[in-house]
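K.L.:
Encoded as structure tokens, here's the structure I'll be asking about.
Values quoted throughout were computed directly from the atomic coordinates according to the rules given, and no laboratory measurement underlies them. As the structure is a prediction and not an experimental result, all values here were calculated from the model. Using ideal geometry, Cβ is built from the backbone for each residue, glycine included, and neighbour counts are taken over all protein chains shown.
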Amino acid sequence: MKIEFYKKNGEKDVAQEYPKILESEISDSRILEYVRYIRATLRTSNASTKDRSEVSGGGKKPWKQKGTGRARHGSKRSPIWAGGGVTFGPTNEKNYSLKINKKEKRKALLAAIFSKISEKSALGISDLKFKEPSTKIAAKALENLPLKGKVTLFVPKDDEIMVRSFQNIPIVTLVTASKVDLIAVLSSDNLIFTKESLSELRTQFDPKKVSAEVKAEKVKEETKNE
């Protein structure tokens, strides 16, 4: 599978082979599972009620225990009183986060990227260099490329000048090889790589590196349990 690379003036450059080790195909349901994990992680508990220990007032017994002819009550904080606490109401302590292992995360990310490449919705730009930040030059480079709609651009690590050049363009979402936004990849119409970012993506998801990370995690867990 090849990615067509273009110069920033729109001319075709040499196509580059997409690394075999990055090719991944999994079911849509497994990708959706990761999307649900991301959204659940970002979800916050906004609804919050107070129980009888948290509402104000009610320190004094409303009336004496006997002799009034009314039902006995110990506090106005009781849930059966207006303004009292709420029984079994929602609290802001609820945790909506889900769990998913790193192996599944990697497969989902690579599958989402590879699906765009398979659909011919990914291309590369070979000479995208900036001496200083320039949104004008960045926007012109995008206009010269054969693409439409929203774009996810893979920028090289620590290339602050490129980030500042593209960050104010509304249709562009910036990601790096180490921080791939799955939802941005799925919702974008096109992916754009530079030669540096494609190389970094290969290094980031190299099976040897992945296995080394897994071993390191196991050693860390074993150390904690001792």
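K.L.:
Given the criteria assigned to a loop (DSSP other than H, G, I, E, B), more than 13 Å from the chain's Cα centre (by Cα) and not β-branched (Val, Ile, Thr), does SER29 qualify? I'd like the intermediate steps shown before the answer.
P.N.:
On the way: assigned to a loop (DSSP other than H, G, I, E, B): no; more than 13 Å from the chain's Cα centre (by Cα): yes; not β-branched (Val, Ile, Thr): yes.
Answer is no for this residue.
For (1) among the β-branched types (Val, Ile, Thr); (2) within 21 Å of ALA112 (Cα to Cα), each residue gets a yes or a no:
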| position | (1), (2) |
| --- | --- |
| SER24 | no, yes |
| ARG36 | no, yes |
| THR41 | yes, yes |
| LYS60 | no, no |
| GLY69 | no, no |
| ALA82 | no, no |
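K.L.:
Same structure, new question: Looking at (1) in contact with a Ser or Thr (Cβ under 9 Å, 6 or more places away or on another chain); (2) surrounded by 11 or more Cβ atoms within 10 Å (Cβ to Cβ), which is the one condition that is false for ALA47?
P.N.:
The single condition ALA47 does not satisfy is (2).
K.L.:
Would you pick out the residues in segment 72-100 that are of a type in the set (Ser, Thr, Tyr) and farther than 23 Å from ASN46 by Cβ?
P.N.:
Listed by number, the residues that qualify are SER75, SER78.
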